[in-house]
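Single-structure report; data block below.
The values are calculated or read from the model by the stated rules, or taken from the named source; none is laboratory data. Treat the numbers as computed from the prediction; the structure is a model and nothing was measured. Reconstructed Cβ throughout: ideal geometry from the backbone, glycine too, with neighbour counts over all protein chains shown. What goes into the accessible areas is simple: the full protein's heavy atoms, side chains included, and nothing from ligands, DNA or RNA. Shrake-Rupley method; radii C 1.70, N 1.55, O 1.52, S 1.80 Å.
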Amino acid sequence: MIGKFFQKPTPENSDRTPPGQYLTKGFPVLTYGDTPQIDRATWQLRVWGLAQEKIFTWEDIMSLPQHEFTADFHCVTRWSRLDAQWGGVKVLDLMQLVEIDPKAAHIMEHCYGGYTTNIALEDFLRAENFFAHTLFGEPLPPDHGAPLRLVVPHLYAWKSAKWINGLEFLAEEKLGFWERNGYHTRGEPWAEERYSN
Ligand SMILES: Nc1nc2c(c(=O)[nH]1)N[C@H]1C(S)=C(S)[C@@H](COP(=O)(O)O)O[C@H]1N2
Ligand SMILES: [Mo]
């Protein structure tokens, strides 16, 4: 695992590197399955379940305030990319347009291609979370989730759904794809919440 592309943290960045992680200066692609081809003109993000049903189009996303974000990215397979530079919209800005039922406590993230991952509402509604359409100043590449992906910096990156197309609001936790296959339900990297018990 350690070699040309993966490095042990140096003293300067060791306090930003969760236990058991190695640093990469690149940005690997990690996908289960194929990269879906998605046209922005027909792209949709649908909200349903314990929230007023709503569909966001690409124009809806672009009409929200646009920001740049710098975030660390930790994959459970032990690579971390510090200081990735993204562009997109804040989760909290989009969520101002969503009316959630007070009983909602969890979300299932849905994606083109069928991938799912679950997240607690309080982990989702954090000020630093964002939906990204830009990576290092370029349009987000298809393999990295174009046209839009979620980024949740404080959890392992399998929670950062690529090609996101749905947010299903739930009262009880349901398990997404990796969570059903033995990964931790929350996935906090500093606590090494890698696998379920
Ligand atoms: N739709 C979808 N989203 C996904 C995945 C996936 O397979 N499908 N893989 C997850 C995992 S395990 C990681 S580490 C990151 C990787 O993002 P990257 O390919 O942009 O590095 O995406 C996450 N989001
Ligand atoms: Mo991952």
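Assorted remarks:
- Excluding ligands, DNA and RNA, the accessible surface per residue across the chain is 50 Å² with a 1.4 Å probe.
- Residues in the stretch 3-43 that a label on residue 181 would reach, taking backbone N under 11 Å of a point 7 Å out along Cα→Cβ: 31-34
- Å³ per residue enclosed by the Cα convex hull of the chain: 123
- Cα-based reach from residue 8 at 23 Å (exclusive), listing lysines while leaving out same-chain residues under 8 positions away: 25
- Relative contact order for the stretch 35-148, counting Cα pairs under 8 Å that sit 6 or more residues apart, in percent: 26
- GluC sites (Glu not before Pro) lying in DSSP loop within the stretch 1-96, provided at most 13 other Cβ fall within 10 Å: 12, 53
- log10 of Debye I(q)/I(0), alpha-carbon scatterers only, for the stretch 83-194 at 0.10 Å⁻¹: -0.27
- Partner lysines for residue 174 [C-alpha distance under 30 Å; skip if fewer than 8 residues away on the same chain]: 54, 90, 103, 159, 162
- The chain - mean residue ellipticity at 222 nm from DSSP helices (-39,500 (n - 2.57) per run, n ≥ 4, rounded to 500): -1500 deg cm²/dmol
- Given 11 as the ceiling on other Cβ atoms within 10 Å, longest exposed-site-free region of the chain for trypsin sites (Lys or Arg not before Pro) in DSSP loops: 104-197
- Accessible-area composition of the chain, carbon plus sulfur, in percent [1.4 Å probe]: 51
- Simple spin-label estimate for residue 40 and residue 126 in nanometres, 7 Å along Cα-Cβ: 2.9
- Relative contact order for the stretch 76-197, counting Cα pairs under 8 Å that sit 6 or more residues apart, in percent: 30
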